[in-house]
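Single-structure report; data block below.
The values are calculated or read from the model by the stated rules, or taken from the named source; none is laboratory data. Treat the numbers as computed from the prediction; the structure is a model and nothing was measured. Virtual Cβ from ideal backbone geometry, glycine too; neighbours counted across all protein chains shown. Heavy atoms of the whole protein, side chains included, go into the accessibility calculation; ligands, DNA and RNA do not. Shrake-Rupley method; radii C 1.70, N 1.55, O 1.52, S 1.80 Å.
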Amino acid sequence: MSENSLTKDEVKHIAKLANLPVTEEEIIKFQKQLSETVDYIKTLSSVATQGVEPTSQVTGLKNVTRTDEPAPSQTQEEALSNAKNTHNGFIKVKAIFNEQT
Amino acid sequence: MKTYEPIIGMEIHVELKTRSKMFCSCSADWFGKKPNTHTCPVCLGLPGALPVPNKIAIEWSIKLGLALNCKIPSFSKFDRKNYFYPDLPKGYQISQYDQPFAINGNLKKVGIRRVHLEEDTGKLIHQGDSTLIDFNRSGVPLVEIVTEPDIHSSEDAKAFLQELHRIIRYLDISDADMEKGSMRLEPNISVGTGEVPDYKVEVKNINSFNFVKKAIDYEIARHKEILEKGQVPVQETRGWDEKKAITYSQRLKEKAHDYRYFPEPDIPPLIFKEKEIKRAKDQLPKLPGDKRRELKELGLKDDDIEIIIDDIATLNFFEQALNVVRLSGNREISAQEIANWLVNKKINIDKQNPKDLIMAIIAKKQNSQISSDIVSKAIDKVISANQKAIDDYNGGKTGVIMFLVGQVMGATKGKGDAQEIRKLLEKKLTYG
Ligand SMILES: [Zn+2]
């Protein structure tokens, strides 16, 4: 078992945020796997970072932008080609209401 | 009796009218188009697609920030705001978290906390047991303006929003058309009883200034009633029902907004030089506040100024008309006169040009000159042709004046105003 184990509730919370249904067995399985992942990331803490500027970028690039020129889009057919269900040019999913989340 | 103080802040979303979307080259002109015809791998969130920010959208956000007296930090970046909802194909929205383009501004004594840039979501249509998704709007540049909770009445909230709307229209960065949803208003409201309230209620997606005012009034009354009973209103998000003119609970479980923001790794940071920001500031167009001052200096009435500056098309028309007068060297037409015509909507600015307005004013003046000449000649004629009536009048039978007015009206074929003619006649008969 990893040193900083995630709780079952944390696993459930993460699953809920990703809208994934998980079974009790899966929760136990992911609890172990996710905890190991978090531990692995913690390896980074061993690096001495004193005096190093914090950054979220490693490429050294900046100000990469594009001019405001429209270009042709995909066709509706292409756009819908990966959708499981469609209706009159729309992608169709099971009803989702804000009120019920 | 406790005193209650409403504490109101605003969040405003404004869709920019760029030609292309925020992070891809799809056309941003989504309104009324066939569903899912304005998409590509980037705005559909397909794996491997690379978002590249639209330069104009960034410039316009900074422009808006400057117009709202904000500070523009030299370093800015995009972040991912993670949430799972079908209006977002990627599972996150590219937004700005801790380093937005503009911070710490103010407008009409209301603090502007931040102005940041993000992407709009797709449109959802709920239909029975299914939800239909159109991604044409997904990825259209969306600016969010967040104020400090510095507003204390629904009237002030409305006035603030109207001024913000004007500024956006003057900057020409958005249609800010609330009917089409290109400007969306979300007030957050709490009512304090001396100390800072520990709750706030947000009312979502209102699409008119009047509805914002009504929703705030409704909420203030509702909160007072609850506070009166010694309770605290529930912190929640509410919807606005415009038919019933009430707000309603959306029964959202108050999720600890678990958006797990992190820096967008695909987009390098944006860094601005001080001189670039200064140049942008120098290039700002004249804003409603500037125009208010200019029109005041022309001697216009305050009420008229507000009507003229409210709509940039009316303002442009007014200024062009004024220019026509100046160029023609005509000194008889005052700025206020032009304003009167515009304010009383005697001219349709969509169909006529400023020159037409000036011609109309000149024609009206000449006409009234001509008709006053005709009337005065007719009066002289009537007086000399009706000696008996004049004698009666002078003898004290003042009622005969109406007969004389009728005679003048007849002679001028209805030109001129009866009241006016009566006055002129009386003057003439009394003083000769
Ligand atoms: Zn696209």
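Scan segment A:42-101 for residues that are within 30 Å of B:Val203 (Cα to Cα) and within 16 Å of the ligand (Cβ to nearest atom) and jot them down.
Residue satisfying the conditions is A:Ile91 alone.
From the list B:Phe160, B:Phe135, exactly one residue is within 14 Å of chain A (Cβ to nearest Cβ), at pLDDT 95 or above and open to solvent by less than 40 Å² (accessible area, probe 1.4 Å). Which is it?
Checking each option against the conditions leaves just B:Phe135.
Conditions (1) more than 30 Å from B:Asp311 (Cα to Cα); (2) not in a loop (DSSP other than H, G, I, E, B), marked per residue:
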position: B:Val212; (1), (2): no, yes
position: B:Arg238; (1), (2): yes, yes
position: B:Ala280; (1), (2): no, yes
position: B:Pro285; (1), (2): no, no
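Would you check which residues across segment B:406-432 are in a loop (DSSP other than H, G, I, E, B) and either among the β-branched types (Val, Ile, Thr) or open to solvent by less than 90 Å² (accessible area, probe 1.4 Å) (or both) and list them?
Residues satisfying the conditions are B:Thr412, B:Gly414, B:Gly416, B:Asp417, B:Gly432.
Could you grab me the full set of residues in segment B:374-405 that are open to solvent by 70 Å² or more (accessible area, probe 1.4 Å) and among the hydroxyl-bearing types (Ser, Thr, Tyr)?
B:Ser384, B:Thr398
Taking the options B:Asp198, B:Asp150, name whichever one is more than 16 Å from the ligand (Cβ to nearest atom) and touching a Gly at 6+ places or on another chain (Cβ under 6 Å).
Residue meeting the stated conditions: B:Asp150.
Inspect all residues belonging to segment B:39-50 and state whether any of them is more than 10 Å from chain A (Cβ to nearest Cβ) and among the hydroxyl-bearing types (Ser, Thr, Tyr).
No.
Among (1) on the phi > 0 side of the Ramachandran plot; (2) touching a helix residue (DSSP H, G or I) at 6+ places or on another chain (Cβ under 9 Å); (3) not polar (S, T, N, Q), there is one condition B:Gly32 misses while meeting the rest; what is its number?
Answer for B:Gly32: the failing condition is (2).
Identify the residue in segment A:61-94 that is hydroxyl-bearing (Ser, Thr, Tyr) and open to solvent by 80 Å² or more (accessible area, probe 1.4 Å) and, among all such residues, is nearest to the other protein chains (Cβ to nearest Cβ).
Within segment A:61-94, the match that is nearest to the other protein chains (Cβ to nearest Cβ) is A:Thr67.
So which residues in segment B:5-21 are open to solvent by 30 Å² or more (accessible area, probe 1.4 Å) and either within 14 Å of the ligand (Cβ to nearest atom) or facing chain A (nearest Cβ under 8 Å) (or both), if there are any at all?
Answer for segment B:5-21, where residues must be open to solvent by 30 Å² or more (accessible area, probe 1.4 Å) and either within 14 Å of the ligand (Cβ to nearest atom) or facing chain A (nearest Cβ under 8 Å) (or both): just B:Arg19.
Tally time: how many residues in segment B:22-35 are in a loop (DSSP other than H, G, I, E, B) and within 11 Å of the ligand (Cβ to nearest atom)?
So the answer is 7.
Which residue, of B:Val140, B:Val110, is within 15 Å of the ligand (Cβ to nearest atom) and of a type in the set (A, V, I, L, M, F, W, C)?
B:Val140
Starting from residues that are touching a Leu at 6+ places or on another chain (Cβ under 7 Å) and more than 14 Å from chain A (Cβ to nearest Cβ), keep the ones in segment B:266-284 and report whichever is most open to solvent (accessible area, probe 1.4 Å).
Within segment B:266-284, the match that is most open to solvent (accessible area, probe 1.4 Å) is B:Lys281.
All but one of (1) surrounded by fewer than 19 Cβ atoms within 10 Å (Cβ to Cβ); (2) of a type outside the set (Asp, Glu); (3) not in a loop (DSSP other than H, G, I, E, B) hold for B:Lys63, so report the exception by its number.
(1)
So the check is Cβ under 8 Å with 6+ separation or different chains; which pairs have a first residue in segment B:171-195 that's modelled with pLDDT under 90 and a second one that's open to solvent by 10 Å² or more (accessible area, probe 1.4 Å)?
Here the result reads B:Thr193/B:Lys2; B:Thr193/B:Thr3; B:Thr193/B:Tyr4; B:Thr193/B:Glu5; B:Thr193/B:Leu227; B:Gly194/B:Lys2; B:Gly194/B:Thr3, each pair linking segment B:171-195 to a residue that is open to solvent by 10 Å² or more (accessible area, probe 1.4 Å).
Output the number of residues of segment B:22-37 satisfying the condition of being at the interface with chain A (Cβ under 7 Å from one of its Cβ atoms) and out of contact with any Lys or Arg (no Cβ under 9 Å at 6 or more places or on another chain).
4
If only one of B:Ile112, B:Ile133 is assigned by TED's automatic domain parsing to the domain that holds B:Asn210, farther than 30 Å from A:Val93 by Cβ and touching a Leu at 6+ places or on another chain (Cβ under 8 Å), which one is it?
Within the list B:Ile112, B:Ile133, the selection yields B:Ile112.
Could you please find all residues in segment B:109-127 being open to solvent by 50 Å² or more (accessible area, probe 1.4 Å) and either polar (S, T, N, Q) or closer than 15 Å to B:His38 by Cα (or both)?
B:Lys123, B:Gln127
Conditions tested, residue by residue: (1) under 21 Å from B:Pro41 (Cα atoms); (2) part of a loop (DSSP other than H, G, I, E, B).
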| site | (1), (2) |
| --- | --- |
| A:Gln31 | no, no |
| A:Thr37 | no, no |
| A:Ser45 | no, no |
| A:Val52 | no, yes |
| A:Val58 | no, yes |
| A:Leu61 | no, yes |
| A:Ala79 | yes, no |
| A:Ile91 | yes, no |
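For segment B:329-352, check the following and say yes or no: at least one residue is part of a helix (DSSP H, G or I) and more than 24 Å from B:Asp303 (Cα to Cα).
Looking for residues that are part of a helix (DSSP H, G or I) and more than 24 Å from B:Asp303 (Cα to Cα), one finds none in segment B:329-352, hence no.
Could you list, in sequence order, the residues of segment B:299-333 that are surrounded by 15 or more Cβ atoms within 10 Å (Cβ to Cβ) and among the aliphatic types (A, V, I, L, M)?
Correct list: B:Leu300, B:Ile305, B:Ile307, B:Ile308, B:Ile309, B:Ile312, B:Leu315, B:Ala321, B:Leu322, B:Val324, B:Val325, B:Ile333.
Scan (1) at pLDDT 90 or above; (2) not in a helix (DSSP H, G or I) for the single condition A:Asn19 breaks and write down its number.
The single condition A:Asn19 does not satisfy is (1).
Evaluate segment B:51-64: report whether one residue or more is more than 22 Å from B:Ala102 (Cα to Cα), more than 10 Å from chain A (Cβ to nearest Cβ) and more than 11 Å from the ligand (Cβ to nearest atom).
Scanning segment B:51-64 turns up no residue that is more than 22 Å from B:Ala102 (Cα to Cα), more than 10 Å from chain A (Cβ to nearest Cβ) and more than 11 Å from the ligand (Cβ to nearest atom).
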